[in-house]
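In what follows, a structure is listed as structure tokens, so that the remarks can point back to it.
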Amino acid sequence: MSLKVVKMNQHAAVEALCWKYEKPYDFYNNILTSNAILELLSNHYYGVQDDYNNLIGFFCTGRSAQVPAGNLLGAYEEDCVDVGIGMKPELTGKGKGYEFFTHILSFVCEKHKDKDIRLTVATFNERAIHLYEKFGFERKRLFHSDDTEFITMIKAGNNKSAG
């Protein structure tokens, strides 16, 4: 499968906001509102499309990829590029994450040379943590927001190699 990164547009934003994940990943479900659409269109959000221009996922960089409570708790003190990702629910858990994340990581590394890359992930999401560790991300800071425990993971030495 050949993937490409595109700037987020309204159609893709609405589609992604309507995705529904099964438990326990329903934590990542969104509510379609005009503010949610505006968030995806106004910040550093990108769509990831397949050969047929189908949206298979998205990602964001910067503050949008951070959990707000983490700022209050000092989880984002290091100077890193924050990345958040979302994959279409029907594609998760089927071994497609490696190729998907390889493409995202290559894109981010190209745009942000010489910066460490940081992810924030809910600790229950063992699939994602396992994937990120395959790419050399290391667990750093644990923190809580409401009822959810999060961990930041950092890949040091951004050097274009994505795996």
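Sequentially through segment 141-146, phi angles give Karplus couplings (6.51, -1.76, 1.60; θ = phi - 60°) of 10, 9, 8, 10, 9, 6 Hz, Gly and Pro residues having no value and appearing as x.
The value of relative contact order for the chain, using C-alpha pairs under 8 Å at least six residues apart, is 20 percent. Averaging over all projection directions, the Cα-based convex hull of segment 2-92 occupies 6.7 nm² in the image plane.
For segment 4-155, the Cβ-based charge dipole about the Cα centre amounts to some 260 debye (Lys, Arg positive; Asp, Glu negative; other atoms uncharged). Coordinate range of the alpha-carbon atoms in the chain per principal axis, descending: 37, 36, 30 Å.
All of the numbers you see were taken from the coordinates with simple rules; none came from a lab. Everything quoted here is computed from the prediction, not taken from an experiment. Note: ideal-geometry Cβ built from the backbone for every residue, glycine included; neighbour counts use all protein chains shown.
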